[in-house]
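Participant: Below you'll find the structure I mean.
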Amino acid sequence: MVRFELAAGLCATAILAAAPAVAASSQAQPTNWPKAASPKALTDARTEAFVADLLKRMSVEEKVGQTIQADITYIKPEDLLTYPLGSLLAGGSSGPFGDERGDAAKWLEAVRGFRQAASERPGARVPLMFGIDAVHGHNNLVGATLFPHNIGLGAAHDPDLIRRIGRATALEVAATGADWTFGPTLAVPRDDRWGRTYEGYAESPDIARRYAGPMTEGLQGKLTTGHLANGHIAGSAKHFLADGGTEAGLDQGDYKGGERELIDVHLSGYREAIDTGVLTIMASFSSWNGEKHTGNKSLLTDVLRGPLGFTGFTVGDWNAHGQLPGCSKESCALAMNAGLDMYMAPDSWKGLYANTLAQVKSGEIPMARLDEAVTRILRVKVKTGLFEAKRPAAEGDFKVIASPEHRALAREAVRESLVLLKNNGGVLPLKPGAKILVAGAAADDIGQASGGWTISWQGTGTTNADFKQGQSIWAGLRDAATAAGGSAVLSPDGAFTDKPDVAVVVFGETPYAEFQGDIDNLDFVPEQPLALMRALKAKGVPTVAVFLSGRPLWTNPEINTADAFVAAWLPGTEGGGVADVLVAGKDGKPRHDFTGKLSFSWPKTAVQGPLNIGQAGYDPQFAYGYGLSYKQPAQVAQLAEVSGVLAGGVERFLADGRIIPPWSLSLKDASGTVRAGQSRQAATPSGGSRYAVVDGSAQESGRSLVFAGAGQVSLSGKAVSLTAQAQQGLALRVRYRLDAPAANAATFGLGGGGVALPLTEVGAWKTTEIALTCLAKAGADLSAVGEPFKLTTNGPLSLTLEDIRLAPAQQPPSC
């Protein structure tokens with residue numbers, strides 16, 4: 001397989017990887033699968049009798065409503081007076097009353113408002129179930145305890161730690177009124193280019209198998225014939241199945257492989273989660289040999305309800321049913337007939353409810369199948385305690401949120417997750433009394449340390465003010481240095497007047513989540529951290545690198561430059577855990593040793609993936625299970641600085657729902673200019689020109705632009721030469737959608753030159769391309785391009801951009 005992708009700046013890449021053998025079948029054979037079983041307590045006689053009696057008294061409208069889940073952004077409490085929906089969720093960027101930064105009290109008020117409205121519907125019989133993505137703590141809530149993401153917890157190799165984190169997460173979620181979280185994630189990421197790699201514990205299924213039970217128990221407690229104990233919530237093992245095995249690590253992609261590998265690798269910890277009593281399982285967006293899991297009956301029914309013995313209910317992912325053949329977001333009998341019990345229909349719930357009801361009445365969805373799905377949902381609601389007369393005492397107990405105990409637990413998790421890749425010369429631990437320079441833009445940025453799924457879906461746009469109960473890595477180092485009789489100074493750019501004894505440089509990936517986090521190769525692109533460390537080295541300052549990332553990345557130049565290199569992953573809100581291990585006590589002895597071991601192989605080149613232990617030709621830079629410590633030190637020799645990234649190919653500026661660094665977006669009109677950078681929304685000083693992240697052909701893949709009058713939008717960065725690309729016949733290619741009629745043409749181009757294009761067909765996605773040679777003729781200086789894209793309008797315009805890149809021209813230039 002050859003993939004031509006962006007590497008850095010204007011370098012292009014060619015990643016060469018052996019394509020896996022494609023197995024034609026996407027049909028599971030139940031006899032090949034191992035056995036598991038939900039505990040008998042989930043289907044005890046009392047529960048089953050209650051559910052059967054209730055089911056007999058429910059109308060078909062009520063039954064269909066139970067199978068529909070809406071997102072709080074797209075529904076109002078008063079809607080529940082009419083529609084008997086079974087569940088609501090708050091997605092990654094949804095907040096109470098539209099407030100992404102609503103506090104715990106506001107969250108509880110919103111949940112109670114929806115719950116009350118549902119109970120007031122005439123004839124209401126079934127309580128509402130409220131779900132949320134609490135994947136590293138109650139991460140939608142400002143001020144909550146945020147634990148390291150799963151990639152760091154995998155390096156800790158500590159099942160009891162996982163159980164305690166599950167318990168703390170459940171308490172904080174329950175305090176705000178929610179009763180269901182979409183976790184644990186049991187993905188086994190096999191290609192680290194996948195944007196959800198950090199949601200997996202390891203590249204091998206062994207750790208997920210050890211963690212699935214403890215995390216489920218921490219969230220739900222031990223399942224009994226009664227309901228979940230106070231302060232526990234329902235869990236959801238996800239994403240069933242092989243979400244981490246897609247070809248090229250593409251989100252929502254296709255796992256091309258046989259059933260044996262599907263079982264041996266990607267069944268992961270599902271058996272253990274089921275045996276422990278996980279109440280729900282979420283089906284994956286992805287496919288197996290071309291067949292979407294959300295519609296694969298052989299997996300959702302024949303396997304999951306057969307040898308795996310699961311008696312809870314299955315739920316889909318965000319509008320995933322709409323990806324099935326013959327389906328749309330508003331209509332998909334195929335998914336339910338395949339074994340999906342609850343549709344996640346965040347914005348499509350109303351149409352889906354109407355169509356599903358019609359399909360049941362027509363017999364397209366058999367009544368027996370609907371009754372089966374509703375029985376499972378009611379069973380879980382009984383076990384979750386939703387039918388109890390009183391809400392649990394944990395609800396409204398806000399003192400548990402970021403409690404001292406939970407913060408201490410998160411700090412412990414940070415300590416255990418750190419992996420020491422290099423410590424030449426014994427620069428660590430930092431000596432008592434040392435003058436420490438703390439550098440790097442990430443040092444005092446809790447949001448960057450927390451990564452995606454932090455307040456918003458992608459984790460972008462946060463500041464330390466969002467984490468008032470947290471501590472940045474810088475603050476932890478400052479406190480530890482002072483306690484040891486030394487000092488620490490924060491200097492993001494590394495400048496100093498009083499020469500330090502040592503520098504700690506904190507840097508790494510900026511936040512991302514699914515889809516937008518997919519990358520083309522494993523090269524760590526930003527150049528500034530490396531330049532900063534080289535400058536410090538040239539001044540004779542020993543340097544410790546603390547690297548924040550959601551996956552292993554090719555960082556050989558950075559490792560070579562640093563005296564010590566620590567993989568800190570995405571540690572969350574308790575940055576003091578880093579200092580606990582890096583800074584010695586007053587006696588000069590380590591306060592804590594490094595115990596973390598790699599649960600993902602570290603690449604030797606940027607184009608090495610997929611790279612997994614046990615594969616033929618396995619040749620990592622640092623192997624699975626590697627990790628130095630103070631007790632077991634070792635010298636790391638100079639590493640080769642050949643990334644393997646090849647020149648040539650395609651340059652991207654906006655793709656996969658993200659603006660590709662180092663480019664940033666700016667808006668300009670008569671009132672002034674605003675640099676939106678990587679922000680989710682922005683406006684010029686007058687508000688006349690606006691920009692926002694919106695859904696396009698995929699979730700949050702579009703960038704909406706609304707101009708009240710004349711204005712322009714541009715992507716800008718360090719000036720680069722496009723002369724060679726013009727000689728290669730490349731063109732500027734833009735995919736866009738006109739959102740309202742436009743009276744004037746718009747000018748598409750880049751800094752210094754553009755071409756006016758008429759805009760027609762409102763609502764249709766269109767792709768236009770302009771040859772670089774034509775832009776040069778229009779006045780663009782291709783030898784120094786600081787704005788590789790610019791759109792200018794002389795009048796009102798409403799338009800959504802989805803993809804901007806350089807690509808080989810599909811037609812001969814006409815200019």
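The values are calculated or read from the model by the stated rules, or taken from the named source; none is laboratory data. Computed from a predicted structure; not experimentally measured. FYI the Cβ positions are ideal-geometry reconstructions off the backbone, even for glycines, and counts take in every protein chain you see. Ligands, DNA and RNA are stripped out before the accessible areas are found, and what is left, the full protein with its side chains, is counted by its heavy atoms. Shrake-Rupley method; radii C 1.70, N 1.55, O 1.52, S 1.80 Å.
Participant: If you wrap a convex hull around the Cα atoms of the stretch 313-424, how much volume per residue is inside, in Å³?
Facilitator: With only Cα atoms used, the stretch 313-424 gives 203 Å³ per residue.
Participant: Which length gain, in nm to one decimal place, applies between GLU120 and SER721 when the Cα-Cα distance is subtracted from 0.36 nm times their residue separation?
Facilitator: Values: separation 601, 0.36 × 601 = 216.36 nm, distance 6.47 nm.
Residue separation times 0.36 nm, minus the Cα-Cα distance, leaves 209.9 nm.
Participant: Turning to a different aspect of this structure: With all protein chains present, how much of the accessible area of the stretch 33-175 (probe radius 1.4 Å) comes from carbon and sulfur, to the nearest whole percent? Walk me through the intermediate numbers first.
Facilitator: Values: 2540 of 4860 Å².
Carbon-and-sulfur percentage of accessible area, whole number: 52.
Participant: With a point put 7 Å past each Cα toward its Cβ, work out how far ALA531 is from ALA49 in nm, to one decimal.
Facilitator: 7.5
Participant: Which semi-axis lengths, in whole Å and largest first, follow from the square roots of five times the eigenvalues of the Cα gyration tensor of the stretch 451-543?
Facilitator: Three semi-axes, in Å: 29, 21, 9.
Participant: Largest first, please: the extent of the C-alpha atoms of the stretch 157-314 along each principal axis, to the nearest Å.
Facilitator: 43, 31, 26
Participant: When only alpha-carbon atoms count, how far does the stretch 390-484 stretch along each of its three principal axes, as whole angstroms with the largest first?
Facilitator: Reported extents, whole Å, longest axis first: 61, 28, 24.
Participant: What does the net charge come to around THR224 if you take all other residues with beta carbon closer than 13 Å to its beta carbon, with K and R at +1 and D and E at -1? Please list the in-between numbers first.
Facilitator: Values: positive: LYS40, ARG46, LYS222, LYS383; negative: ASP44, GLU217.
Every neighbour counted, the sum reads +2.
Participant: If amide hydrogens are placed 1.01 Å from N in the peptide plane, which non-local residues have theirs closer than 5 Å to the one on VAL504?
Facilitator: Amide H to amide H, under 5 Å and 5 or more residues apart or across chains, VAL504 pairs with LEU437, VAL438, ALA439, VAL544.
Participant: Same structure, new question: Can you run phi through the Karplus equation (6.51, -1.76, 1.60; θ = phi - 60°) for the stretch 31-40 and list ³J(HN,Hα) in whole Hz, with x for Gly and Pro?
Facilitator: Values per residue, Gly and Pro as x: 5, 7, 9, x, 8, 8, 6, 4, x, 4 Hz.
Participant: Another one. For the stretch 92-132, how big is Rg over Rh, using alpha carbon atoms and the Kirkwood form of Rh?
Facilitator: Computed over Cα atoms, the ratio is 1.04.
Participant: Take the alpha carbon atoms of the stretch 662-719, find their center, do the same for the stretch 141-212, and report the distance between the two centers in whole angstrom.
Facilitator: 35
Participant: In the neighborhood of LEU730, defined by Cβ-to-Cβ distances under 10 Å, what is the net charge if each Lys or Arg adds +1 and each Asp or Glu adds -1?
Facilitator: 0
Participant: Would you mind telling me the share, in percent, of accessible area of the stretch 633-712 contributed by carbon and sulfur at probe 1.4 angstrom?
Facilitator: The value for the stretch 633-712 is 54 percent carbon and sulfur by accessible area.
Participant: How much length would be gained if the chain were fully extended between ASP371 and ALA393, taking 0.36 nm per residue of separation minus their Cα-Cα distance, in nm to one decimal?
Facilitator: Working it through step by step, the gained length comes to 4.7 nm.
Participant: Please list log₁₀ I(q)/I(0) at q = 0.06, 0.08, 0.09 Å⁻¹ for the chain, using the Debye equation with identical point scatterers on the alpha-carbon positions.
Facilitator: With no solvent term, the Cα-only Debye profile gives -0.39, -0.70, -0.89.
Participant: Take the Cα radius of gyration of the stretch 555-641 and divide it by 2.2 N^0.38 Å, with N its residue count; two decimals is plenty.
Facilitator: Values: Rg = 14.9 Å, N = 87, 2.2 N^0.38 = 12.0 Å.
This ratio for the stretch 555-641 stands at 1.24.
Participant: Could I ask something else about it? Ratio of the stretch 248-315's C-alpha Rg to 2.2 N^0.38 Å, to two decimals?
Facilitator: 1.10
Participant: Over the C-alpha atoms of the stretch 672-815, what are the Rg and the largest Cα-to-Cα span, Dmax, in Å?
Facilitator: For the stretch 672-815, the Cα-based Rg and Dmax read 14.8, 42 Å.
Participant: Rounded to a whole number of µm²/s, how large is the Stokes-Einstein D of the stretch 269-373 at 25 °C and 0.890 mPa s, given Rh as the Kirkwood radius over C-alpha pairs?
Facilitator: Translational D for this selection: 177 µm²/s.
Participant: Around PRO325, what is the net charge, scoring Lys/Arg as +1 and Asp/Glu as -1 over all other residues with Cβ under 13 Å from its Cβ?
Facilitator: 0
Participant: Carbon and sulfur together cover what percent of the accessible area of the stretch 296-422 at a 1.4 Å probe radius?
Facilitator: Carbon plus sulfur share of accessible area: 53 percent.
Participant: Report HIS232's accessible area, 1.4 Å probe, all protein chains in place, as a number in Å² to the nearest 10.
Facilitator: Surface accessible to solvent at HIS232 totals approximately 30 Å².
Participant: Using a basic spin-label model with each label point 7 Å from the Cα along Cα→Cβ, how many nm lie between ARG675 and ASN464?
Facilitator: Here the answer is 2.1 nm between the modelled labels.
Participant: Right, another one. Determine the principal axes of the Cα atoms in the stretch 208-284, then give the extent along each, sorted from largest to smallest and rounded to whole angstroms.
Facilitator: 43, 21, 17
Participant: Can you tell me how much longer the chain between ALA538 and ASP264 gets when fully stretched, taken as 0.36 nm per residue apart minus their C-alpha distance, in nm with one decimal?
Facilitator: That pair, ALA538 and ASP264, stretches by 93.6 nm at full extension.
Participant: Once you put a point 7 Å from the Cα of ALA354 and another 7 Å from the Cα of ALA623, both along the Cβ direction, what distance in nm separates them?
Facilitator: Those two pseudo-labels are separated by 6.2 nm.
Participant: Helix-only estimate, please: 222 nm mean residue ellipticity of the chain, summing -39500 (n - 2.57) across DSSP H runs of length 4 or more and dividing by its residues, to the nearest 500.
Facilitator: My calculation for the chain gives -7000 deg cm²/dmol from helical runs alone.
Participant: Please work out the average accessible area per residue across the chain, using the 1.4 Å probe convention, and give it in Å².
Facilitator: So the chain comes to 34 Å² accessible per residue, rounded to a whole number.
Participant: Could I ask something else about it? Helix by helix, which DSSP H runs in the chain go 24 Å or more along their axis at the Cα atoms and have an average Kyte-Doolittle hydropathy of 1.6 or more?
Facilitator: None pass (Cα extent of 24 Å or more, hydropathy at least 1.6).
Participant: If you don't mind, there's one more thing I want to ask. Quick one: check the C-alpha center-to-center distance for the stretch 581-633 versus the stretch 306-326, whole angstrom.
Facilitator: Each part's Cα centre sits 37 Å from the other's.
Participant: Once the cut-off is 23 Å, how many percent of the Cα-Cα pairs in the stretch 371-530 end up in the long-distance tail?
Facilitator: More than 23 Å apart: 57 percent of the Cα pairs in the stretch 371-530.
Participant: Once you compute Rg and the Kirkwood Rh from C-alpha atoms, what is the Rg to Rh ratio for the stretch 82-186?
Facilitator: Computed over Cα atoms, the ratio is 1.03.
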